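One structure below.
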Amino acid sequence: TATQLIGASTIEVNGHPIAYDCAGVTRVIFLKHGIDLYDSGVSDPKANGVRLIYAHVRQHGTLHQGPVVYPGDLVFFDNTWDFNRDGKVNDPLTHVGIVERQEPDGTVVFISRVAGTVERYHINLALPHVHETADGRILNDYLRRKDVINPANTGYLTGELFAQFATLVGH
(Lines give C-alpha, C1' and ligand atoms only; values in the text may rest on other atoms or scores of the structure.)
Protein backbone atom coordinates (compact mmCIF):
# COMPACT_ATOMS: atom_id res chain seq x y z
CA THR A 1 0.00 0.00 0.00
CA ALA A 2 2.79 2.42 0.89
CA THR A 3 4.63 1.92 -2.40
CA GLN A 4 1.48 2.95 -4.29
CA LEU A 5 1.80 6.44 -2.77
CA ILE A 6 5.37 7.03 -3.98
CA GLY A 7 5.37 10.20 -6.05
CA ALA A 8 1.88 11.25 -4.91
CA SER A 9 1.33 14.97 -4.54
CA THR A 10 -2.00 14.66 -2.71
CA ILE A 11 -3.62 11.91 -0.68
CA GLU A 12 -7.20 10.97 0.11
CA VAL A 13 -9.34 8.21 1.54
CA ASN A 14 -12.83 7.56 0.15
CA GLY A 15 -12.75 10.90 -1.67
CA HIS A 16 -11.78 12.87 1.45
CA PRO A 17 -8.44 14.70 1.36
CA ILE A 18 -5.97 13.90 4.16
CA ALA A 19 -3.25 16.24 5.40
CA TYR A 20 -0.32 15.88 3.02
CA ASP A 21 2.45 15.49 5.57
CA CYS A 22 4.42 12.55 6.96
CA ALA A 23 1.72 11.65 9.50
CA GLY A 24 -1.09 11.99 6.98
CA VAL A 25 0.66 9.70 4.51
CA THR A 26 1.30 7.12 7.24
CA ARG A 27 -2.30 7.41 8.44
CA VAL A 28 -3.69 6.88 4.92
CA ILE A 29 -1.67 3.69 4.47
CA PHE A 30 -3.24 2.20 7.59
CA LEU A 31 -6.72 3.63 6.92
CA LYS A 32 -6.74 1.62 3.69
CA HIS A 33 -6.48 -1.44 5.96
CA GLY A 34 -9.18 -0.29 8.37
CA ILE A 35 -6.87 1.09 11.07
CA ASP A 36 -7.00 4.74 12.14
CA LEU A 37 -3.64 5.58 13.69
CA TYR A 38 -5.08 8.85 15.05
CA ASP A 39 -7.55 6.90 17.21
CA SER A 40 -5.93 6.54 20.61
CA GLY A 41 -8.35 8.31 22.92
CA VAL A 42 -5.61 10.74 23.87
CA SER A 43 -6.75 14.33 24.00
CA ASP A 44 -3.68 16.49 23.84
CA PRO A 45 -4.31 19.90 22.25
CA LYS A 46 -0.59 20.17 21.41
CA ALA A 47 -0.43 16.76 19.71
CA ASN A 48 0.60 16.79 16.08
CA GLY A 49 -0.13 13.86 13.77
CA VAL A 50 3.14 12.13 14.64
CA ARG A 51 2.33 12.28 18.34
CA LEU A 52 -1.20 10.98 17.73
CA ILE A 53 0.27 8.00 15.86
CA TYR A 54 2.82 7.46 18.65
CA ALA A 55 0.00 7.44 21.24
CA HIS A 56 -1.88 4.84 19.17
CA VAL A 57 1.22 2.65 18.96
CA ARG A 58 1.78 2.88 22.71
CA GLN A 59 -1.71 1.37 23.17
CA HIS A 60 -1.70 -1.12 20.30
CA GLY A 61 1.91 -1.99 19.64
CA THR A 62 5.49 -2.25 20.73
CA LEU A 63 8.12 0.47 20.60
CA HIS A 64 11.67 -0.76 20.07
CA GLN A 65 15.16 0.14 18.87
CA GLY A 66 15.45 -2.63 16.27
CA PRO A 67 17.82 -3.81 14.97
CA VAL A 68 15.34 -6.04 13.12
CA VAL A 69 12.26 -4.46 11.58
CA TYR A 70 9.56 -5.70 9.24
CA PRO A 71 7.46 -4.24 6.43
CA GLY A 72 4.66 -2.19 7.96
CA ASP A 73 6.63 -1.22 11.06
CA LEU A 74 6.84 2.48 11.77
CA VAL A 75 9.95 4.57 12.30
CA PHE A 76 9.84 7.74 14.41
CA PHE A 77 12.30 10.62 14.40
CA ASP A 78 13.07 13.54 16.71
CA ASN A 79 14.27 17.04 15.88
CA THR A 80 13.59 16.97 12.13
CA TRP A 81 12.57 20.62 12.49
CA ASP A 82 12.23 23.17 15.26
CA PHE A 83 8.64 22.27 16.21
CA ASN A 84 8.45 24.57 19.24
CA ARG A 85 10.45 27.35 17.53
CA ASP A 86 12.83 27.90 20.44
CA GLY A 87 16.07 27.47 18.45
CA LYS A 88 17.06 24.36 20.42
CA VAL A 89 17.38 20.67 19.54
CA ASN A 90 14.59 19.55 21.89
CA ASP A 91 11.69 18.51 19.67
CA PRO A 92 10.62 14.88 20.11
CA LEU A 93 8.44 13.01 17.63
CA THR A 94 8.55 15.33 14.64
CA HIS A 95 8.55 12.78 11.81
CA VAL A 96 7.25 9.30 10.99
CA GLY A 97 7.64 6.83 8.14
CA ILE A 98 6.64 3.27 7.34
CA VAL A 99 9.16 0.49 6.80
CA GLU A 100 9.19 -1.10 3.34
CA ARG A 101 12.10 -3.49 3.87
CA GLN A 102 15.39 -4.14 5.59
CA GLU A 103 18.45 -4.80 3.43
CA PRO A 104 21.09 -7.45 4.27
CA ASP A 105 23.51 -4.80 5.61
CA GLY A 106 20.86 -3.59 8.08
CA THR A 107 19.84 -0.50 6.14
CA VAL A 108 16.12 0.07 6.53
CA VAL A 109 14.20 1.44 3.55
CA PHE A 110 11.13 3.39 4.60
CA ILE A 111 8.48 5.43 2.84
CA SER A 112 7.54 8.91 3.95
CA ARG A 113 6.67 12.37 2.78
CA VAL A 114 9.66 14.69 2.98
CA ALA A 115 10.26 17.93 1.08
CA GLY A 116 7.06 17.86 -0.92
CA THR A 117 6.76 14.29 -2.14
CA VAL A 118 6.34 10.70 -0.97
CA GLU A 119 9.58 8.81 -1.55
CA ARG A 120 11.81 6.02 -0.27
CA TYR A 121 14.38 6.93 2.37
CA HIS A 122 17.17 5.02 4.11
CA ILE A 123 18.37 4.65 7.68
CA ASN A 124 21.32 2.61 8.92
CA LEU A 125 21.68 2.68 12.70
CA ALA A 126 25.06 0.91 12.61
CA LEU A 127 26.52 3.94 10.78
CA PRO A 128 24.18 6.82 11.77
CA HIS A 129 26.56 9.62 10.70
CA VAL A 130 27.32 8.24 7.21
CA HIS A 131 25.26 9.56 4.30
CA GLU A 132 26.67 7.25 1.63
CA THR A 133 29.31 4.60 1.16
CA ALA A 134 32.40 5.00 -1.01
CA ASP A 135 30.60 3.07 -3.76
CA GLY A 136 27.65 5.48 -3.68
CA ARG A 137 25.10 3.45 -1.71
CA ILE A 138 22.91 5.64 0.50
CA LEU A 139 22.93 4.57 4.16
CA ASN A 140 21.22 7.58 5.75
CA ASP A 141 19.21 10.19 3.90
CA TYR A 142 19.11 13.82 4.93
CA LEU A 143 15.91 14.45 6.89
CA ARG A 144 16.49 17.95 8.28
CA ARG A 145 17.46 20.97 6.24
CA LYS A 146 20.69 22.65 7.14
CA ASP A 147 20.20 26.20 8.33
CA VAL A 148 22.74 28.70 9.64
CA ILE A 149 20.59 29.26 12.74
CA ASN A 150 20.66 25.57 13.75
CA PRO A 151 22.55 24.82 16.97
CA ALA A 152 25.94 23.08 16.69
CA ASN A 153 24.50 19.77 17.98
CA THR A 154 21.85 19.54 15.24
CA GLY A 155 21.60 16.21 13.43
CA TYR A 156 20.59 16.06 9.79
CA LEU A 157 20.73 12.40 8.75
CA THR A 158 18.03 9.81 9.46
CA GLY A 159 20.39 7.82 11.69
CA GLU A 160 21.18 10.91 13.74
CA LEU A 161 17.50 11.84 14.17
CA PHE A 162 16.16 8.34 14.85
CA ALA A 163 13.91 7.95 17.90
CA GLN A 164 12.26 4.51 17.78
CA PHE A 165 10.73 1.82 15.64
CA ALA A 166 7.23 0.54 16.34
CA THR A 167 5.40 -2.68 15.55
CA LEU A 168 1.62 -2.69 15.74
CA VAL A 169 0.24 -5.75 17.48
CA GLY A 170 -2.69 -7.62 15.97
CA HIS A 171 -2.89 -5.42 12.88
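Enter the Cα centre distance for the pair region 152-166 and region 9-42, rounded to the nearest angstrom.
Using only Cα atoms, the two centres lie 24 Å from each other.
With r as the distance between the Cβ atoms of K88 and A126 and R0 = 30 Å, compute the FRET efficiency 1/(1 + (r/R0)^6) and round to 0.05.
0.60
Suppose only helical runs count, i.e. DSSP H with n ≥ 4. What mean residue ellipticity at 222 nm does that imply for the chain under -39500 (n - 2.57) per run, divided by all residues and rounded to the nearest 500 deg cm²/dmol?
The helix contribution divided over the chain gives -4000 deg cm²/dmol.
Write down the accessible area per residue of region 132-171 in Å², having rolled a 1.4 Å probe over the full set of protein chains.
Per-residue accessible area for region 132-171 comes out at 58 Å².
Ranking request for peptides 160-168, 123-131, 79-87: highest mean number of other beta-carbon atoms within 10 Å first, then the rest in descending order.
So the order, starting with the most tightly packed, is 160-168, 123-131, 79-87.
For region 16-171, build the charge dipole from Cβ charges (+1 Lys, Arg; -1 Asp, Glu) around the Cα centre, then report which of V75, A126, I138 sits farthest towards its positive end.
V75
Set the Förster distance to 35 Å, then compute FRET efficiency between E12 and D44 from the Cβ-Cβ distance, nearest 0.05.
Efficiency, rounded to the nearest 0.05: 0.85.
Please report the carbon-and-sulfur percent of the accessible area for region 1-152; probe 1.4 Å, protein heavy atoms only, DNA, RNA and ligands left out.
52 percent
Identify the residues of region 54-78 with backbone N under 16 Å of a label point that sits 7 angstrom from the Cα of Q4 along the Cα-to-Cβ direction, or state none.
Once the point is set 7 Å along Cα→Cβ of Q4, 72 turn out to lie under 16 Å by backbone N, inside region 54-78.
The values are calculated or read from the model by the stated rules, or taken from the named source; none is laboratory data. Treat the numbers as computed from the prediction; the structure is a model and nothing was measured. Note that we place each Cβ from the backbone using ideal geometry, even for glycine, and neighbour counts take in every protein chain shown. When the accessible area is computed, the model is the full protein with side chains, heavy atoms only, and any ligands, DNA or RNA have been set aside. Shrake-Rupley method; radii C 1.70, N 1.55, O 1.52, S 1.80 Å.
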